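For reference, the structure discussed in these notes is given below.
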Amino acid sequence: MDARLEAACAALRCSQREGEQQRAYWRSLARSWLRDDLQQRAAQIRSGSAALQARRALGAWQVASELAGVREAQALAALPDAEREEWRALWSSADELCAEASAKIAGIPLPR
C-alpha cells in the first residue's frame, strides 16, 4: 500500500472516533491525499512509465475497507451534500483513470 493511501486510511480511521467537526476535517484530509495520489497516478499512466503499477494502486482503493465510508453509496448518503459530491467526483475520476490504465496496459505486449 502506498504512503498516501495509508495516510488517507489512517485519517478515515481517526474520523470514526471524533466529533462531527473533527470527522469532517479528517475526511477532508483523506480526500486531499487521495486526490494527490490520483494526480500522480494520472501522470504515471499518461507518461506510459508505470500504467500497471498505477492500475494496481487504484485497485487497492476499491478494496480498502477504511475507504468504504466514503466510497459506498449508503455511506456517502449520510455525508453533507457538498462533501458527498466531492467524494463522488473523486471516485468518478478514479474510475476513469482505472479504465485509462487498463486500456494502456492492454496495448503493451507481455514480456517473454
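The values are calculated or read from the model by the stated rules, or taken from the named source; none is laboratory data. Just so it is clear, the structure is predicted and the values come from calculations on it, not from any experiment. In this analysis, Cβ positions are derived from the backbone assuming ideal geometry, glycine residues included, and neighbour counts consider all displayed protein chains.
Hey, can you tell me all the residues within segment 30-49 that are aliphatic (A, V, I, L, M) and either touching a Ser or Thr at 6+ places or on another chain (Cβ under 9 Å) or at pLDDT below 95 (or both)?
The answer is Ala30, Leu38, Ala42, Ala43, Ile45.
Within the group Arg27, Arg46, which residue is surrounded by 14 or more Cβ atoms within 10 Å (Cβ to Cβ), of a type in the set (Lys, Arg), within 16 Å of the chain's Cα centre (by Cα) and assigned to a helix (DSSP H, G or I)?
Result: Arg27 is the single residue among Arg27, Arg46 that is surrounded by 14 or more Cβ atoms within 10 Å (Cβ to Cβ), of a type in the set (Lys, Arg), within 16 Å of the chain's Cα centre (by Cα) and assigned to a helix (DSSP H, G or I).
Quick check: is even one residue across segment 1-15 at pLDDT below 95, within 14 Å of the chain's Cα centre (by Cα), of a type in the set (D, E, K, R) and not in a helix (DSSP H, G or I)?
yes
In segment 71-101, what residues are outside any helix (DSSP H, G or I) and of a type outside the set (Gly, Ala, Ser)?
Passing the criteria: Glu72, Leu79, Pro80.
Return the pair list, or none, for Cβ contacts closer than 8 Å from residues in segment 37-52 that are farther than 16 Å from Ser102 by Cβ to residues that are modelled with pLDDT under 90, at least 6 apart or on different chains.
Qualifying pairs under 8 Å: Asp37/Asp2.
If you scan segment 1-14, which residues turn out to be out of contact with any Gly (no Cβ under 7 Å at 6 or more places or on another chain), closer than 16 Å to Gly69 by Cα and either surrounded by fewer than 17 Cβ atoms within 10 Å (Cβ to Cβ) or in contact (Cβ under 8 Å) with a residue 24 or more places away in the chain (or both)?
Residues satisfying the conditions are Leu5, Glu6, Ala7, Ala8, Cys9, Ala10, Arg13, Cys14.
Matching residues to (1) over 14 Å from Ala24 (Cα atoms); (2) free of Cβ contacts under 8 Å to residues at least 12 places away in the same chain; (3) touching a Pro at 6+ places or on another chain (Cβ under 9 Å); (4) aromatic (Phe, Trp, Tyr):
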position: Trp61; (1), (2), (3), (4): yes, no, no, yes
position: Ser65; (1), (2), (3), (4): yes, yes, no, no
position: Ala68; (1), (2), (3), (4): yes, yes, no, no
position: Leu90; (1), (2), (3), (4): yes, no, no, no
position: Ser93; (1), (2), (3), (4): yes, no, no, no
position: Glu96; (1), (2), (3), (4): yes, yes, no, no
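Among the numbered criteria (1) loosely packed, with under 14 Cβ neighbours inside 10 Å; (2) in a helix (DSSP H, G or I), which single criterion is violated by Glu18?
Against the list (1) loosely packed, with under 14 Cβ neighbours inside 10 Å; (2) in a helix (DSSP H, G or I), Glu18 comes up short only on (2).
Could you check segment 69-94 and list, in sequence order, the residues that are surrounded by 13 or more Cβ atoms within 10 Å (Cβ to Cβ) and either out of contact with any Leu (no Cβ under 8 Å at 6 or more places or on another chain) or basic (Lys, Arg) (or both)?
Arg71, Ala75, Leu76, Leu79, Glu83, Arg84, Glu86, Arg88, Trp91 - these are the residues of segment 69-94 that are surrounded by 13 or more Cβ atoms within 10 Å (Cβ to Cβ) and either out of contact with any Leu (no Cβ under 8 Å at 6 or more places or on another chain) or basic (Lys, Arg) (or both).
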